[in-house]
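The values are calculated or read from the model by the stated rules, or taken from the named source; none is laboratory data. These numbers were taken from a predicted model, which means no experiment stands behind them. Every residue, glycine as well, gets a Cβ built from its backbone with ideal geometry; the counts of neighbours run over all protein chains shown. Accessible surface is based on the protein model in full, side chains and every heavy atom, while ligands, DNA and RNA are left aside. Shrake-Rupley method; radii C 1.70, N 1.55, O 1.52, S 1.80 Å.
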Amino acid sequence: MQDTRLLIDGRWAAGSKGERLEVFNPATGEVFGHAAVATAEDIERAAAAAHGAFAAWSKVSGFERSGLLKAAAALLKERIETIAPILTQEQGKPLSEARGELGNAVNLIEFFAEEARRIYGRDIPGRTPAVVQTVRKEPVGPVAAFTPWNFPVAQSCRKIAAGLAAGCTVVLKGSEETPHSVAALVGCFVDAGLPAGALNLLYGDPAMISSQLIADRRIRKVSFTGSTPVGKKLAALAGAHMKRTTFELGGHAPVLVFRDADIDQAATRLAGAKYRNAGQVCISPTRFLVEEDVLEEFTDKFVAQVKAVKVGNGLDPQSTMGPLANPRRIDAMERLVADAVAGGATLAAGGSRIGNAGNFFEPTVLTDVPTTIAAMNEEPFGPMALIRPFKGIDEALSEANRLDYGLAAYGYTRSSETAHRMASGIETGMLSINHHGLSLPETPFGGVKDSGYGSEGGVEAVEAYLNGKFVTHATF
Ligand code: NAD
């Protein structure tokens, strides 16, 4: 049984009232562990610790910060085999995917460690030789970071490692549903020798923690990953307190499959991407728009791939898709399938819950989907592919841009002209053509429109934790 505590000012401790939340294994429905609940007093101490530690951490050289982050990455790498089963048992994903997420987390920390040494300002030549103008890059200050349950470790790394690399200190609220793997990640930073207070970890009532931290004048930056409705609330709160922000919110990724595409390749790659993490991925391909001449061929090949997906407990090496992370997702899938069928869509695969124990749901494919059904408008965030034909690129682009989401988009074509039209015509933060190449540490990661703003990958991710201070100095 796991028992996760809060980390405040370098000490792991129970919440000041001793309250704990239960954490469930989504494959069995049984209690897997507990997480400590932070009180208002604990939240206050965490903000004070991050504020206190900032003075020293922001002055540590980029070279030293880099070394410390690299040491944390090395510890995480050593501990992958210990943490992966914990992640699987609290989140549901197959063990191979849990190892993959942790490996990605190591890569993220290593990338941001390298970037810590490359935070440069710039010189702007003065209008007279006696004037020296510089832009200094300075860390924004203590950060409040909020991460969800779908990639609890990797999403936390994007914020912790980029923030610490820039010289910020962090108060992280991980998801209460997947607290143990995040605490294990945070433990790597502590054991690597991060100074007390530079990284703090809280769990509890999300709304209480976010409203208290965002309003706290010592917190200078807010970074949130989660749903669009919650993101909008936190953006409003952050606006009221004039905080720097990064929001990585929901998506409803369109996939455009053109008649000149390699259909075998598209069906295989898309089926692999769609059912990863049981579809609970903000960049999951969701609206499959297929040029009508190849609709039948694509659908048959895609459905054949989907039928080969093996759903089961993530600890079983045979499973290629685990349970959904929580019962809310089962309710959502059942509601969306019923609404789609009532609205005229055809179930080509899946559509039902599997068994009564655990949150297992069949990999689902719906075809002939009208744009009016709920699933074509709200993010399914589950193992559901929605297939719809199109005639000509204009129709496809118009459907791709119909929703307010704009996180990821995918395209399959052999035509460079079509690829170019997608690149310039789709309103999205990220576009991947003929493969699934999103989410590398060194590439930008973020959305537009209701999918949020700011980037959590690439050099842009570090920039989000820096202020540019302009200094002009007359030397006469
Ligand atoms: P939700 O909207 O209740 O919560 C989403 C996340 O925000 C959770 O991690 C939750 O702990 C956190 N949260 C909720 N209220 C908060 C508050 N006031 N302050 C701070 N954090 C708060 O939804 P859910 O049922 O947990 O997840 C379902 C939806 O969330 C999905 O449909 C999807 O759109 C979205 N989601 C997106 C991502 C992503 O990677 N962008 C990840 C997880 C969930």
Exercise. Got a sec? Which strands (runs of 3 or more DSSP E) wholly within the stretch 240-296 have at least 2 residues that are more than 16 Å from the ligand (Cβ to nearest atom) and closer than 19 Å to GLY350 by Cβ?
Worked result: 285-291
Seminar exercise, completed: Within the stretch 43-57, the residues that are touching a helix residue (DSSP H, G or I) at 6+ places or on another chain (Cβ under 9 Å) and open to solvent by 20 Å² or more (accessible area, probe 1.4 Å) are GLU44
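Examine the stretch 304-313 for a residue that is under 18 Å from GLU90 (Cβ atoms) and more than 16 Å from the ligand (Cβ to nearest atom), and state whether such a residue exists.
Narrowing the stretch 304-313 to residues under 18 Å from GLU90 (Cβ atoms): 312-313.
Subset that is more than 16 Å from the ligand (Cβ to nearest atom): 312-313.
For the stretch 304-313, residues under 18 Å from GLU90 (Cβ atoms) and more than 16 Å from the ligand (Cβ to nearest atom): present.
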Problem set entry | Condition check for ASN313: open to solvent by 10 Å² or more (accessible area, probe 1.4 Å) and not charged (D, E, K, R) | yes
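Among the residues of the stretch 191-201, is there at least one that is surrounded by fewer than 21 Cβ atoms within 10 Å (Cβ to Cβ), under 25 Å from LYS59 (Cβ atoms) and either in contact with a strand residue (DSSP E or B) (Cβ under 6 Å, 6 or more places away or on another chain) or among the aromatic types (Phe, Trp, Tyr) (or both)?
To start, the set of residues in the stretch 191-201 that are surrounded by fewer than 21 Cβ atoms within 10 Å (Cβ to Cβ) comprises 191-193, 195-196.
Pick out the ones that are also under 25 Å from LYS59 (Cβ atoms) and you get 191-193, 195-196.
Still in the list and also either in contact with a strand residue (DSSP E or B) (Cβ under 6 Å, 6 or more places away or on another chain) or among the aromatic types (Phe, Trp, Tyr) (or both): none.
There is no residue in the stretch 191-201 that is surrounded by fewer than 21 Cβ atoms within 10 Å (Cβ to Cβ), under 25 Å from LYS59 (Cβ atoms) and either in contact with a strand residue (DSSP E or B) (Cβ under 6 Å, 6 or more places away or on another chain) or among the aromatic types (Phe, Trp, Tyr) (or both).
List the strands (runs of 3 or more DSSP E) that sit entirely inside the stretch 76-149 and contain at least 3 residues that are over 17 Å from GLY458 (Cα atoms) and over 25 Å from the mean Cα position of the chain (by Cα).
Fully inside the stretch 76-149 and qualifying: 122-125, 131-139.
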Seminar exercise, completed: Taking the stretch 409-426 and keeping only residues that are under 24 Å from the mean Cα position of the chain (by Cα) and surrounded by fewer than 17 Cβ atoms within 10 Å (Cβ to Cβ), one is left with ALA423
For this session: Tally the residues that are farther than 30 Å from ARG79 by Cα, in a loop (DSSP other than H, G, I, E, B) and in contact (Cβ under 8 Å) with a residue 40 or more places away in the chain, restricting the search to the stretch 190-226.
Result: 4
For this session: Scan the stretch 325-362 residue by residue and report those that are within 16 Å of the ligand (Cβ to nearest atom), part of a loop (DSSP other than H, G, I, E, B) and either among the acidic types (Asp, Glu) or open to solvent by 70 Å² or more (accessible area, probe 1.4 Å) (or both).
Result: none
For this session: Could you list, in sequence order, all residues of the stretch 25-42 that are open to solvent by 10 Å² or more (accessible area, probe 1.4 Å) and hydrophobic (A, V, I, L, M, F, W, C)?
Result: ALA27, VAL31, PHE32, VAL37, ALA40
